[in-house]
Amino acid sequence: MKKSRILAAFLLVCAGFLSLALREPEEFTRSGMAMNTIIRMTVYGHDDSPLNDAFSLLDELDRRLSMYNPSSDISRINSGSTFRANTHTVNAIIDAIKLHEITGGVFSPLIGTVTRLWKINQADGKIPSPESLDAAIKLSDIRSLTVSGDTVSLTPGSVLDLGGMAKGYASTEIARLLKERGIKSALLDLGGNVHVVGGKVDGSAWRIGVRNPLQPVGNPALVVDVKDCAVITSGNYERFKEVDGKKYSHFFDTKTGQSVMSDLLSVTVISSDGSLADGLATAFMITGVDKALAILRDMSNPPGVIFITQEGITATSNLRTVITRSLIPVTFAEVP
């Protein structure tokens, strides 16, 4: 009799698990602010606990990787003292150093000395002097930064700035967390940095719009069909400073410290590695199309890239799109 009750209880538990497994996943969506941008995440599952964990991880990464938070790991490293950093901080810095190597120094995690001078987000009507930029560039030598195990050291005066790839790193780590929690479908939007987990609930690909740089938000130049990867765009159409009628972008030449503004309007990189996608999108806005293609040719497993340029820097139309192919299964669907 006792064995029969145990067996019955076991069968009820199994039936409960089977019922949960067969139940259609529900949609859970939440928005918030982190990494100085608007965040929106949609997760498909049976409860909202994975979404809670995703936002908790994002908050932690924001606290650790921000150069503007005085108590962050990055700020402590920038104080000039040797610092034993959190695993995420170390991994993000290592990713940034790899990006420096891949791009031949075009992407620099020590560009903080330059970004602090430019103050792109402040409408103060000032641009840095050539002398101040020269001094800042001398402090951006990658050899000023060393990582040994969990210990990070930085030469005093140098400034570590992971802003060019931190959101991409965060999206990859959040996607990894959601997969560990059993989530098979999710859409993460970190201020336009998109990362998708799997495909849609019905198995189809996610359709992600690539913005037309000359049009308001919601007007895509084209659409990409993707699964399980990041789709990250950098452009010169939102963040810039205007002084005496001239625009200065937030992309800086790592050899001169000068703002780079050209006919390249945006770069979209598609990769399963969010750090790589974010960092390359930043770097390619600096290099331009030809040098970017040369960097991609040297990579053993290059990501997909979409370059959008305009015919002449003063043109208001006539977009030109250059698209590379990648090993990631991506379908490019042109907008009618």
- Could you compute the FRET efficiency for residue 297 and residue 94, with r as their C-beta to C-beta distance and R0 at 25 Å, rounded to 0.05? 0.55
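Which shape class, rounded, prolate or oblate, goes with segment 26-334 when its Cα gyration tensor gives a ≥ b ≥ c as root eigenvalues, a/c under 1.5 marks rounded, and past that a/b bigger than b/c marks prolate?
Values: a/c = 1.67, a/b = 1.14, b/c = 1.46.
Taking the square roots of the gyration eigenvalues as a ≥ b ≥ c, segment 26-334 is oblate.
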- Message: So for each of 161-167, 136-142 I average, over its residues, the number of other beta carbons within 10 Å; can you give me the resulting order with the highest mean first?
- Response: 161-167, 136-142
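Where does each of 296-308, 143-155 land if you order them by average Cβ count within 10 Å, highest first? Walk me through the numbers on the way to the answer.
Details: 296-308: 16.9, 143-155: 14.7.
Top of the packing list down: 296-308, 143-155.
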- Taking r as the C-beta separation of residue 71 and residue 318 and R0 as 56 Å, the FRET efficiency to the nearest 0.05 is 0.70
- Note on the structure: Going residue by residue through segment 35-42, the Karplus relation 6.51 cos²θ - 1.76 cosθ + 1.60 with θ = phi - 60° gives ³J(HN,Hα) values, rounded to whole Hz and with x marking Gly or Pro, of 6, 6, 8, 7, 10, 9, 10, 10
- Task: Determine ³J(HN,Hα), in whole Hz, for all residues of segment 104-113 in sequence, where each value follows from phi through the Karplus function 6.51 cos²θ - 1.76 cosθ + 1.60 and θ = phi - 60°; x replaces Gly and Pro.
- Result: x, x, 5, 8, 10, x, 10, 6, x, 4
- Would you mind calculating the relative contact order of segment 162-227 from Cα pairs under 8 angstrom and at least 6 residues apart, reporting the percent as a whole number? 23
- Query: Rounded, prolate or oblate: which one fits segment 188-260, using the alpha carbon gyration tensor with axes a ≥ b ≥ c (rounded when a/c is under 1.5, else prolate when a/b beats b/c, else oblate)?
  - Reply: prolate
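Calculate, for residue 30 and residue 325, the FRET efficiency according to 1/(1 + (r/R0)^6) with r their C-beta to C-beta distance and R0 41 Å; round to the nearest 0.05. Mind showing how you got there, number by number?
Values: r = 35 Å, r/R0 = 0.85.
Rounded to the nearest 0.05, the efficiency is 0.70.
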- Share (percent) of C-alpha pair distances in segment 114-173 greater than 12 Å works out to 75
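Could the peptides 108-119, 275-286 be put in order, highest first, of the mean number of other beta-carbon atoms found within 10 Å of their residues?
Values: 108-119: 21.2, 275-286: 28.4.
Result, highest mean Cβ count within 10 Å first: 275-286, 108-119.
How high is the relative contact order of the chain, given as a whole-number percent (alpha carbon pairs under 8 Å, six or more residues apart)? Kindly include the intermediate steps, with their values, before the conclusion.
On the way: 651 pairs, mean separation 52.9, N = 336.
Averaging sequence separation for qualifying contacts and normalising by length gives 16 percent for the chain.
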- Interchain or long-range residues, amide H under 5 Å from residue 111's placed H: 161
- Note on the structure: Residue ranges of DSSP H helices in the chain that stretch 27 Å or more (Cα, own long axis) and have mean Kyte-Doolittle hydropathy of at least 1.0 are 2-22
- Note on the structure: Heads up, segment 120-212 by the C-alpha gyration tensor (a ≥ b ≥ c square roots of eigenvalues; a/c under 1.5 rounded, else a/b over b/c prolate, else oblate) looks oblate
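Every read-out reported here was derived from the displayed coordinates using simple, explicitly stated rules and does not represent laboratory data. All values derive from a computational prediction rather than experimental measurement. As a convention, Cβ positions derive from the backbone with ideal geometry for all residues, glycine included, and neighbour counts pool all protein chains shown.
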